[in-house]
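Everything on this sheet refers to the single structure shown next.
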Amino acid sequence: MDVMVSVLGFMVGFSDHRYSNVQYLVRGHPYPRDMEPELRHLRYFVAVAEELHFGRAAVRLRMAQPPLSQQIRQLEAMIGTPLFVRTSRSVALTPAGEAYLDRCRRVLATVADDVHEAGRIGRGEQGRFDIGFVSSAIQLGLAGPIRRFRERHPAVHLRLHEAYTAHIVDRLLNGEVDLGVVRDADDRDDLVGTTFATESFVAVLPADHPHAGDLAIDAAVLRDDPFVFFPRVAGERAYQRNLRPCLEAGYTPNIVQDATSWATVAHLVAAGLGVTIAPASISAVVPASVGVLPLTGTEATTEVQILRRRQDDRITSTGFEAAGQAS
């Protein structure tokens, strides 16, 4: 490829020997490919352009005048045209300098805004915040901390993702969500959690069950009943917690059907597919036809937690924790 090179025979006074006598202008590249203006060049230029005096600009920049003059000459060499007209008594902008001043101010303002924005995003004051949650947390008042979060952080775009506990934990560890509202998650060293709610278990029976009208029931009574249950893949610890009343009564239930939400489980019980033992909050979503009975003979409980990564101390993460504890 033919490249036209012109040599301008004026002294630019650089300490760098490549520019000690001549300035090279390559068509399409007004300065050497390995040289580009840096932000410091723009700041220096703006200071001189606004002061129109190298001495005052140097004081403003808290630097000596000779290095400032050298940096401005270097900038002019990279651009390929003078930015100032210098005499022994005055400094004035050339037409190119006047045009460049406006652009430099815009660039510096944009950089400053970007720095502040990055800081706000890093602190969690702006940007996107993703929360994974189990559906049963809604019945326990999750809407409250969500509302308070939005009021305190209006510049943050909040996104909610409904999923199983096991899936939320995986996404939290992979950085796909920022926070998790989960039920009975396994302990992990790289995650920290605060308790959002603790609840006991209840028995849910179809309307035609012999014990549907009882005031309370022991899990042992349901030994021979088919069960509708939450799937094991939702979370091993949560699954075992739900089984605990049955295991304490000396049996493992016969699970004939599972479902992806407690609301669906309740409706399948209403349809006569079986009985279930579930967190007490299921009473908010059961059909009117089913019986919800307190369990006797067990002290088993289930816990909903707010999880975050251990090193995540952003105000959004810790703030949502605090909002959850206030519920």
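The values are calculated or read from the model by the stated rules, or taken from the named source; none is laboratory data. Values in this document were obtained by computation on a predicted structure and should not be read as measured data. Glycine gets a Cβ as well: all are built from the backbone with ideal geometry, and neighbour counts include every protein chain shown. We work out accessible area using only protein heavy atoms, side chains counted, and drop any ligands, DNA or RNA first. Shrake-Rupley method; radii C 1.70, N 1.55, O 1.52, S 1.80 Å.
Computed values, structure above
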read-out: Per residue accessible area in Å² of the chain, where ligands, DNA and RNA are left out and the probe is 1.4 Å; value: 53
read-out: Backbone N under 20 Å from the residue 271 label point (7 Å along Cα→Cβ), restricted to segment 206-221; value: 206-209
read-out: Beta bridges per DSSP with both ends in segment 185-307, % antiparallel, nearest 5; value: 70
read-out: Segment 230-277 shape via C-alpha gyration tensor axes, a/c threshold 1.5; value: oblate
read-out: Karplus (6.51, -1.76, 1.60) ³J(HN,Hα), θ = phi - 60°, over segment 288-305, in Hz, Gly and Pro reported as x; value: 4, 7, 8, x, 10, 10, x, 8, 10, x, 8, 10, 4, 9, 10, 10, 9, 10
read-out: Rounded if a/c under 1.5, otherwise prolate or oblate - segment 211-305, Cα gyration tensor axes; value: rounded
read-out: The chain: relative contact order as a whole-number percent, Cα under 8 Å and 6+ apart; value: 18
read-out: Segment 210-225 - phi-based ³J(HN,Hα) in whole Hz, Karplus 6.51/-1.76/1.60, Gly and Pro as x; value: x, 9, 4, x, 5, 7, 7, 8, 8, 4, 4, 5, 8, 3, 9, 8
read-out: Stretch in the chain that is longest and holds no trypsin sites (Lys or Arg not before Pro) that DSSP places in a loop and that have at most 15 other beta carbons within 10 Å; value: 224-309
read-out: Total formal charge among the other residues, if their Cβ is under 15 angstrom from that of residue 171, Lys/Arg +1 and Asp/Glu -1; value: -3
read-out: Solvent exposure ordering (accessible area, 1.4 Å, most first) of 35, 63, 78; value: 63, 35, 78
read-out: On Cα atoms only, tilt of 95-122 relative to the major axis of the chain in degrees; value: 20
read-out: For residue 218, residues with placed amide H under 5 Å, excluding near neighbours; value: 296
read-out: Among [x] 32, 22, 21; [y] 74, 19, 15; [z] 33, 27, 21, the entry derived from the coordinates for semi-axes √(5λ) of the Cα gyration tensor in Å; value: [y]
read-out: Mean separation of Cα contacts under 8 Å (6+ apart) over length of segment 242-327, as relative contact order %; value: 25
read-out: Nonlocal amide H pairs with residue 93, under 5 Å, H built at 1.01 Å; value: 85
read-out: Gain on full stretching of the segment that runs from residue 116 to residue 214 - 0.36 nm per residue minus C-alpha separation; value: 29.0 nm
read-out: Residue 174/residue 223 FRET efficiency (R0 56 Å; Cβ-Cβ; nearest 0.05); value: 0.85
read-out: Spatial separation of Cα centroids for segment 38-99 and segment 285-301, in angstrom; value: 79
read-out: Proximal charge balance of residue 310 [Cβ under 14 Å; K/R count +1, D/E count -1]; value: -3
read-out: Sites residue 258 and residue 96, calculated FRET efficiency, Cβ-Cβ separation with R0 56 Å, nearest 0.05; value: 0.15
read-out: Contour excess over end-to-end distance, with Cα ends at residue 62 and residue 315 and 0.36 nm allotted per residue; value: 87.5 nm
read-out: Rounded percent of accessible protein surface that carbon and sulfur make up, the chain, 1.4 Å probe; value: 51
read-out: Residue 196 long-range amide H proximity, modeled H, under 5 Å; value: 304, 305, 306
